[in-house]
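Worksheet for the structure shown next.
Throughout, read-outs are computed from the coordinates displayed, never taken from laboratory work. All values reported here derive from a predicted model rather than from experimental measurement. Every residue, glycine as well, gets a Cβ built from its backbone with ideal geometry; the counts of neighbours run over all protein chains shown.
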Amino acid sequence: IIMDGNGRWAEQRGSSRSVGHRAGAKAVQCVIEFCLESKIECLTLFAFSSENWKRPEEEVSTLMKLFLRMLNTEIEELNRRGVCIRFIGQRSDFAEEIRLKMHWAETLTAGNSVLHLNIAGSYGGRWDIVNACRQLVASEGPDLTPERITESSLGRHMALADQPEPDLLIRTGGDCRISNFLLWQSAYTEFWFTPVLWPDINKTILQTAILDFASRERRFGLISEQLRSVVP
Ligand code: FPP
């Protein structure tokens, strides 16, 4: 999910953007609840992009404080509910206090499998692809010939390679673009856009997205006839 629209939600109320982000954090709890109730097994939230560091210092600072507060207050409950938490993105960009909490949250919840909750922080799809290339080179050493670079060998080093590729990408806030989210992983993902601003998201809207998704024919490059012969 690309959680867009916190700033505009706040502006509409004559409040500061920070107020919008705090309301956005509450919406995060609603979505996690929805996933748990609906037995959705993987949820990836775009919390902070590689480019978001360029926002005004005050806004970045608010987001970091919010991030830390959520790490301090939510993780134990999520752990009790069987949520496995993972952070994807350039972790070294974050302050040490946050990095330590991320590590703690991942370690604490590593054995859980009810819901895999991935938080993308200082993440960019292009960063992910470059990072995977670097890891592939590092792992293969001098043996790396051009032929050994395949979708499968590179794909193994992308973030979330051990999870299914996303079925559905939801973006709130009215813009119809991917904004450097999971570029590699969303090659065959279905997209669903809504003008609803992120803090206004609710379970009914999420249910509408899921129903729309369920009505789509996913062809993965094939034609309908071929799909009918594979799927009874
Ligand atoms: C985009 O809205 C939202 C963000 C850049 C931050 C998202 C953060 C949260 C929802 C809260 C914390 C979440 C977690 C998982 C800890 P925008 O500011 O770009 O809105 P605008 O397009 O209306 O300006």
- Message: Which of 24, 221, 173 ends up with the largest GNM mean-square fluctuation for the chain, with Cα atoms connected below 10 Å?
- Response: 221
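Between residue 57 and residue 218, what length comes free when the chain is fully extended (0.36 nm per residue of separation minus the Cα-Cα distance, one decimal in nm)?
That pair, residue 57 and residue 218, stretches by 53.7 nm at full extension.
Looking at segment 4-64, which chymotrypsin sites (Phe, Trp or Tyr not before Pro) are DSSP coil and have at most 13 other C-beta atoms within 10 Å of their C-beta? Please report the intermediate quantities before stating the final value.
Values: sites: 9, 34, 46, 48, 53; in loops: none.
Sites meeting the loop and neighbour criteria: none at all.
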- Setting aside same-chain residues fewer than 8 positions from residue 203, which lysines have a Cα under 20 Å from its Cα? 26, 39
- Charge dipole (the chain, unit charges on Cβ, about Cα centre) - positive-most of 168, 109, 207: 207
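Multiply the residue separation of residue 81 and residue 33 by 0.36 nm, subtract the distance between their alpha-carbon atoms, and state the gained length in nm to one decimal.
Details: separation 48, 0.36 × 48 = 17.28 nm, distance 1.01 nm.
Taking 0.36 nm per residue and subtracting the Cα distance, the gain is 16.3 nm.
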- Once the Cβ-Cβ distance between residue 65 and residue 147 is put in as r, and R0 is 45 Å, what FRET efficiency do you end up with, to the nearest 0.05? 0.40
- In order through segment 213-219: 3J(HN,Hα) via Karplus (6.51 cos²θ - 1.76 cosθ + 1.60), integer Hz, x for Gly, Pro: 4, 5, 8, 8, 9, 9, 9
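List 36, 115 from most exposed to least, where exposure is judged by having the fewest other Cβ atoms within 10 Å. List each step's numbers first, then the result.
Working: 36 17, 115 21.
Ordered by Cβ neighbours within 10 Å, fewest first: 36, 115.
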